[in-house]
Amino acid sequence: MKVARTGESTAQLMNPDAGIWARSERRLFHMVPTPLNGNPAIKAISPFLEKSTDHGSIRELSVAGAHNGDFLALRLSWPSGKHDAIVDLDQFVDGAAVMFPLTPNASAVTMGSKGDPVNAWYWKANLHGVAFEVLAEGYGTSVRQRGEGKSQVKSAAVHKQGRWNVILSRPMDIGSRRARFAPGQAARMAFCLWDGGNRERAGRKSFSGDFVDVILEA
Ligand code: HEM
């Protein structure tokens, strides 16, 4: 997948309907349910979760990327109802996340592991304009960073014609212990989607498989 360089402003990149996105190359990901059932590592953190078999309802995701030398923005689009409010205990909102390895050995399938952490940008449909910065070293270890100085991840979302269209963006380099990006360099990414209408949250979701290579245009 290629992330194009653009002269557009960060404000333009944050607009899911901006012309830049209509012109951008998109990659279609086939999404699969996370391997929970019969997974001993999941059973170790939640015997309840390990019994899950009806999760992962969303099966496709379209991704486009662009950077302007300062900000990296990803536009995620997928077919989905609109679940953006929690009005009852058993209700959940739609969500999406992109994950990056922080070491060459880190795996998306295990959400990293001890000493091989991963960093994710996490949008939830009831969040407006912001997103969580998440760090994890395996299942059950994810920590959300949010708020001033903790998460510089921005989001913008439009639901129309039966699809969510979500922008996730962050300055390309905010220092160590977070994914760093530079023009002309390779990066690796993986994605997951939560269908709030199917009671999906935490491990109950669909994902794109292990990390894929991405090139940021110089
Ligand atoms: C590309 C792949 C993936 C991404 C982007 C991703 C992202 C995330 C994020 C952002 C959270 C925190 C949710 C929250 O704070 O509510 C989370 C939690 C979780 N994920 Fe994943 N995940 C991925 C793959 C997987 C896979 C393959 C599994 C299981 C086989 C899994 C199991 C879990 C579990 C059990 C939790 C809840 C416990 C925890 O918060 O650590 N994830 N994931």
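The values are calculated or read from the model by the stated rules, or taken from the named source; none is laboratory data. Since we're looking at a predicted model, the values are computed, not measured. Glycine gets a Cβ as well: all are built from the backbone with ideal geometry, and neighbour counts include every protein chain shown. Side chains are part of the model used for accessible areas, which takes the heavy atoms of the whole protein and leaves out ligands, DNA and RNA. Shrake-Rupley method; radii C 1.70, N 1.55, O 1.52, S 1.80 Å.
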**Study point:** Semi-axis lengths (Å, descending) of the ellipsoid that matches the C-alpha gyration tensor of region 152-218
**Key:** 26, 15, 13
Exercise for review: Let me see the pair-distance distribution of region 2-216: every alpha carbon pair, 10 Å bin width, integer percents in order.
Suggested key: 8, 35, 39, 15, 2
Revision key, fill the gap. To the nearest Å², the heavy-atom accessible area per residue of the chain with 1.4 Å probe amounts to 46 Å²
Exercise for review: Using a 1.4 angstrom probe on heavy atoms only, work out the carbon and sulfur share of the accessible area of the chain in %.
Suggested key: 51 percent
Revision key, fill the gap. Toy charge model, Lys and Arg Cβ at +1, Asp and Glu Cβ at -1: the chain dipole around Cα centroid in debye, rounded to 20, equals 80 debye
Review point. Starting at 0 and stepping by 5 Å, how many percent of the alpha carbon pairs of region 1-104 end up in each bin?
Key: 2, 10, 15, 15, 18, 15, 11, 8, 6, 1
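I want the local charge near residue 6. Using Cβ-Cβ distances under 13 Å, sum +1 for each Lys or Arg and -1 for each Asp or Glu among the other residues.
Details: positive: 2, 5, 23, 75; negative: 8, 25, 70, 217.
So the surrounding residues net to 0.
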Revision key, fill the gap. Unit-weight point scatterers at every alpha-carbon of region 113-205, Debye formula, q = 0.11, 0.16, 0.19 1/Å: log10 I(q)/I(0) is -0.36, -0.76, -1.06
Exercise for review: For every other residue with a beta carbon closer than 13 angstrom to the beta carbon of residue 100, add +1 if it is Lys or Arg and -1 if Asp or Glu, then tell me the sum.
Suggested key: 0
Check your understanding: If you take the beta carbon distance between residue 53 and residue 210 as r and set R0 to 22 Å, what does 1/(1 + (r/R0)^6) give as a FRET efficiency, to the nearest 0.05?
Key -> 0.50
